[in-house]
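This report refers to the structure that appears directly beneath it.
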Amino acid sequence: MIRVMIVEDSPTSRAALVQLLEGDPEVQVVGQAKTGTEALRMSGSLQPDLITMDIVLPDMDGVEATERIMGCYRAPIVIVTAHTESRELNIAFRAMKAGAVDVVSKSTILGREATRESQQAFLAEIKELAAAHPRATGEA
């Protein structure tokens, strides 16, 4: 079972992400954080195999949250953002420099543009990334 923590301040997006992830029998959402501070606290105690991270959060942005989580708990972090304008993409790429492994547009997996194929590709990526994490393979 792949243990995923979601960091997302929007209740609608958070619920949609939970539904997508838990629709796969191999994935379990073990925690949901609404802020970067909650994510930092929860990542250490929950020790998820993978974290999905929004960029725009109320207390610290996803870049800082990613950097701080990677400083104390190394889990793959996938940025899931609605912000795909060039300025926001620069922020997302800063998050990758801080340790995130990929950037995914919410619209391709949760919005009107979402297709079953794009959702399945996202789930496959989650599984692949989590499998590389020691906890997912029982090597902690």
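For a test of the definition: using alpha carbon positions, the gyration tensor, and the 1.5 limit on a/c, classify region 2-132 as rounded, prolate or oblate. Judged from the Cα gyration tensor, region 2-132 comes out rounded (a/c under 1.5). Full extension of the segment from Glu117 to Ser45, taken as 0.36 nm per residue of separation minus the current Cα-Cα distance, would add 22.6 nm. Span-like helix check, the chain: qualifying full DSSP H segments, with Cα axial length of 18 Å or more and mean Kyte-Doolittle of -1.0 or more, are 116-131. Other residues within the sphere of radius under 11 Å centred on the Cβ of Ser10, judged by their own Cβ, net out at 0 (K and R +1, D and E -1). Net charge near Thr35, counting Lys/Arg +1 and Asp/Glu -1 over other residues with Cβ under 13 Å of its Cβ? My count for the surroundings of Thr35 gives -3.
Here the peptides 53-66, 107-120, 90-103 are ranked by packing, the mean other Cβ count within 10 Å, and the order with the highest first is 53-66, 90-103, 107-120.
Computed from the coordinates by the stated procedures, all read-outs in this text should not be read as laboratory data. Predicted model, so just to flag it, every value in this text is computed and none were measured. For neighbour counting, all protein chains shown are included, and Cβ atoms are generated from backbone atoms with ideal geometry for every residue, glycine included.
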